1. Anything in chain B that counts as a DSSP H helix reaching 15 Å or more along its axis (C-alpha) with Kyte-Doolittle mean of at least 0.0? List them, would you?
2. At residue B:270, with labels set 7 Å past Cα in the Cβ direction, how many nm apart are the copies from this one, shortest first?
3. Using DSSP to define loop residues, name the trypsin sites (Lys or Arg not before Pro) in region A:91-172 whose beta-carbon has at most 12 other beta-carbon atoms within 10 Å.
4. Can you tell me the mean projection area, over all orientations, of the convex hull of region B:168-297's alpha carbons? Units nm², please.
5. Taking the Cα-to-Cβ direction at residue B:5 and at residue A:190 and moving 7 Å from each Cα, how far apart do the two end points lie in nm?
6. Over the Cα atoms of the protein assembly as shown, what radius of gyration and what Dmax do you get, in Å?
7. Which of the trypsin sites (Lys or Arg not before Pro) across region A:167-203 are loop residues per DSSP, with 16 or fewer other Cβ within 10 Å?
8. From the label point of residue A:292, set 7 Å along Cα to the beta carbon, how far off in nm is each other copy's matching point, shortest first?
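Since every read-out is calculated from the coordinates, none of them should be taken as a lab result. Here the structure is a predicted model, which is why all the values come from computation and not from measurement. When we count neighbours, we look across all protein chains shown, and the Cβ atoms used for this are built from the backbone with ideal geometry, even at glycine.
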There are 2 protein chains.
Amino acid sequence: MNEIKIFSPATVANVACGFDVLGFCLDSVGDDMVIRKTDKKGIYITKIEGFDLPFEAELNVAGVSALAMYEAINPDFGFEIEIYKNIKPGSGIGSSAASAVGSVFGMNELLGRPFNKTQLTEFAVKGEALASKCEHADNLAPAMLGGFTLVKSMQPLEILQIPTPEDLYATIIHPQIEIKTSEARAILPKDVALSNAVTQWANFGSLIHALHTSDFGLIERSLKDVIVEPYRSQLIPHYQDVKKAMLDAGALGAGISGSGPSIFSLSKGSETAVNVKDAIEKVYATTGIDFDIHVTKINTEGIKIIDN
Amino acid sequence: MNEIKIFSPATVANVACGFDVLGFCLDSVGDDMVIRKTDKKGIYITKIEGFDLPFEAELNVAGVSALAMYEAINPDFGFEIEIYKNIKPGSGIGSSAASAVGSVFGMNELLGRPFNKTQLTEFAVKGEALASKCEHADNLAPAMLGGFTLVKSMQPLEILQIPTPEDLYATIIHPQIEIKTSEARAILPKDVALSNAVTQWANFGSLIHALHTSDFGLIERSLKDVIVEPYRSQLIPHYQDVKKAMLDAGALGAGISGSGPSIFSLSKGSETAVNVKDAIEKVYATTGIDFDIHVTKINTEGIKIIDN
């Protein structure tokens, strides 16, 4: 096999009480990529469709993660990468993570899987760092493994796969405004009240328990963020209105996707997820801000090979 | 049935990364209590053995929780309570919690179980508050329900039962020194670093996952406390030496039990738990401080009726 086509999914990180550690994978939103072995040594990005991104491997997230893996194996051939990008960069649903995992997943398949998924994620961390200026894996892990993932630690990288209840859907709105990563970081306090931290880990432990037991009521009571949301929500226009509309329409919970501007909600059943979509469309229709909305099942498979 | 004898177990609260929310129940350490219906209305503590505690119901933890329940039902009879106390007050393994749950559990049995265990715990909270000057349930919940419990919230009280892996043992040392609750509280910072809080909930979520999956390696990697231990461990003589001896002897993890002075460890298998006991005995034997040590399986049953 010399060529492979893959689907690299969008993801939601910073899931409410799981700030910085919990993410989940989306089903119907993602990039397509083609990875191809070539005689010429090196990593070459030969095609980019959808958005304007750099072709130089060293400047492209998919290229940087590919180079990290390439240098680890140093083969006597090279790889070409084609990127068909559907996830808008900066939208807060793991656009750079999809690119970063895509190249290394594809190369690994063409090489006969010398690396496991945690090792692949370590290469992808290098690509993600190009986009986000810090090494984190909370979008990479769910893109690579599917479902809900908990990044227990970065040094060493340890990723836990948390069970995904049947019938869990996400509705995500992407208001087309730009939030600078630096601004989203700067707005966070260095210190937080111990009492709030306790509330956050009570909710987070409860959410992990709820995912194990498919307890939707407990998911609803646990999907809260008392630490980060009060700050970052200020950067997203109409955040409180959208969140209220999501919950009023039956969503189990809602929060900021990544560092925004996207807002995610989780619902039991596709019907509720569509009701949530209708409700938030109404909120945003009057704002004059462009937006798009995704309704998707939680993707338990993660990145995958697709037929040509 | 007019009389019942019960075993009310000792418990460990503030389990490392689960500060303020996670507790577990001990098997071979606990109080015995007898609860008896009487014609005379009211709550009467008629016998206390083991330690010197007040007989006035309003001043005794078991009496206060009993009164809270008694006032809720207002029957035309009363209850007598006998307390055979084995858990030393102030030891940090839930002495007051055992008393508080014991009276209401026993009364509920004699009444034909009008209340569920969460409701009983709400009455017990009132008794616990007499001892600890604040309403919390992290010792009450495991005493009442057994195994590992997560107190998700106090208002309303919500308790989650987390699975207990087979073959999990605790070794607990109680150095016979006094730590004032007020001092243990005052030493805690009001604010904590967000980065430490994230580490704590990553570990706590991982611990909940590990208990669900009986992953002992992950229990070991998750049983860390980067928030509270650095402060409260200063109040416990030779804490670091004991903890190191516990881990060197094969314990999965160790931490402060409650607000101290007891130090707990968890081990896979009774043999390791006994090895831990031997190791910490050596550490404390040279200190001149009196101590006792408990080695016990995790008690998944909680408080129970025993034969006379």
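1. Counting only whole DSSP H runs, the qualifying helices are B:61-73, B:95-110, B:194-213.
2. 5.4
3. Answer by residue number: A:133.
4. 7.8 nm²
5. Once both label points are built, they end up 6.1 nm from each other.
6. According to the Cα coordinates of the protein assembly as shown, Rg and Dmax are 27.5, 96 Å.
7. In loop regions of region A:167-203 (DSSP not H, G, I, E or B), the sparsely surrounded trypsin sites (Lys or Arg not before Pro) are A:180, A:190.
8. 6.9
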